[in-house]
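K.L.:
Have a look at the structure that comes next, please.
The values are calculated or read from the model by the stated rules, or taken from the named source; none is laboratory data. The model shown is predicted, which means the values in this text are computed figures rather than measured ones. Here the Cβ is made from the backbone with ideal geometry for all residues, glycine too, and neighbour counts use every protein chain on show. Remember, those area values only see protein heavy atoms, side chains included, never the ligands or the DNA or RNA. Shrake-Rupley method; radii C 1.70, N 1.55, O 1.52, S 1.80 Å.
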Amino acid sequence: MDDESNAVPHSVVHLNALQIRTLAHPLRARLLGLLRLDGPATATTLARLLDTNTGATSYHLRQLGDVGLVVEEAELGTGRQRFWRAAHDTSTWRPTDFDDDPDARAAAAWIEHQQLKLMSEQAERWLAAQQTAPQEWREAATISDTVLTLAPSRLRALNDEIWELIVKYRQDPAFAEEEGAAQVHVFLVDFPRAEELR
């Protein structure tokens with residue numbers, strides 16, 4: 001039996017309609033992303049990192065807090081300084097969750113477009129930097145694709161299996177402590193070919 005006493009719990013929030021509508025805002029999405037990547041921070045620090053003003057950052061952090069996506073870290077704060085952290089490691093939803101709510105459906109579509117844009121930007125940065133990156137990173141990183149022929153239920157099962165593997169790697173603190181470890185973007189994108197759905 002594996003000893004998982006050192007595992008870091010991975011928390012996932014399945015977004016409801018109010019949460020997804022709140023998150024579908026450029027600054028809020030960036031704030032939540034930074035808090036998830038870099039940990040707790042003040043509105044002032046986040047404003048500096050995102051090149052915006054502290055008032056806007058504070059307002060949008062409160063909006064995220066009102067729907068449970070960020071929480072205040074009271075033990076880190078001193079005086080008027082308030083630290084915020086992401087309430088969950090990951091957000092998830094199914095596109096069909098919002099079939100009866102056009103506003104939430106539009107918010108989900110906006111977030112998915114932002115994810116696609118982020119994926120493209122990060123891939124472009126990697127391609128621009130890879131020739132000067134250490135050999136071990138160039139050998140390990142990949143941008144690849146394939147086409148499978150699957151039923152929707154089998155695609156769902158494939159995604160679930162891949163996600164379980166990602167969570168396993170994320171929860172094991174030993175992986176993050178290995179020599180040379182760095183944050184790595186992992187994007188999961190799969191969808192039927194548009195031509196197949198005609």
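K.L.:
Restricting to the stretch 91-117, give me the number of residues that are exposed (fewer than 14 other Cβ atoms within 10 Å of the Cβ), in a helix (DSSP H, G or I) and among the basic types (Lys, Arg).
P.N.:
Residues that pass the stated criteria total 1.
K.L.:
So, in the stretch 154-198, how many residues would count as being at positive phi and among the acidic types (Asp, Glu)? Walk me through how you get there before you give the answer.
P.N.:
Residues of the stretch 154-198 at positive phi: 180.
Then drop every residue that is not among the acidic types (Asp, Glu), which leaves none.
The total comes to 0.
K.L.:
Still on this structure, please answer the following. Hey, among the residues in the stretch 154-181 that are free of Cβ contacts under 8 Å to residues at least 12 places away in the same chain and outside any helix (DSSP H, G or I), which one's nearest to SER91 (Cα to Cα)? Explain how you work it out, then say what you get.
P.N.:
Pass one, the stretch 154-181, residues free of Cβ contacts under 8 Å to residues at least 12 places away in the same chain: 154, 156-157, 160-161, 164-165, 168-169, 175-179, 181.
If we keep only those that are outside any helix (DSSP H, G or I) as well, we get 178-179, 181.
Values: GLU178: 27, GLU179: 29, ALA181: 24 Å.
Among them, the one singled out is ALA181.
K.L.:
Looking only at the stretch 17-39, filter to residues that are touching a Lys or Arg at 6+ places or on another chain (Cβ under 7 Å) and surrounded by 18 or more Cβ atoms within 10 Å (Cβ to Cβ); which one of those is farthest from HIS185 (Cα to Cα)?
P.N.:
Looking only at the stretch 17-39, we keep the residues that are touching a Lys or Arg at 6+ places or on another chain (Cβ under 7 Å), and these are 22, 35, 39.
Adding the requirement that they be surrounded by 18 or more Cβ atoms within 10 Å (Cβ to Cβ) leaves 22, 35.
Details: THR22: 24, LEU35: 16 Å.
Per the criteria, the residue is THR22.
A quick yes/no check of all residues on (1) surrounded by fewer than 17 Cβ atoms within 10 Å (Cβ to Cβ); (2) at pLDDT below 95; (3) among the aromatic types (Phe, Trp, Tyr):
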| position | (1), (2), (3) |
| --- | --- |
| GLU4 | yes, yes, no |
| HIS14 | yes, yes, no |
| VAL67 | no, no, no |
| ARG82 | no, yes, no |
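K.L.:
Just for the stretch 69-80: of the residues that are small (Gly, Ala, Ser) and either open to solvent by 90 Å² or more (accessible area, probe 1.4 Å) or out of contact with any strand residue (DSSP E or B) (no Cβ under 6 Å at 6 or more places or on another chain) (or both), which one is nearest to GLY33 (Cα to Cα)?
P.N.:
Looking only at the stretch 69-80, we keep the residues that are small (Gly, Ala, Ser), and these are 74, 77, 79.
Checking which are either open to solvent by 90 Å² or more (accessible area, probe 1.4 Å) or out of contact with any strand residue (DSSP E or B) (no Cβ under 6 Å at 6 or more places or on another chain) (or both) leaves us with 74, 79.
Numbers: ALA74: 20, GLY79: 26 Å.
Looking at the filtered set, the residue picked out is ALA74.
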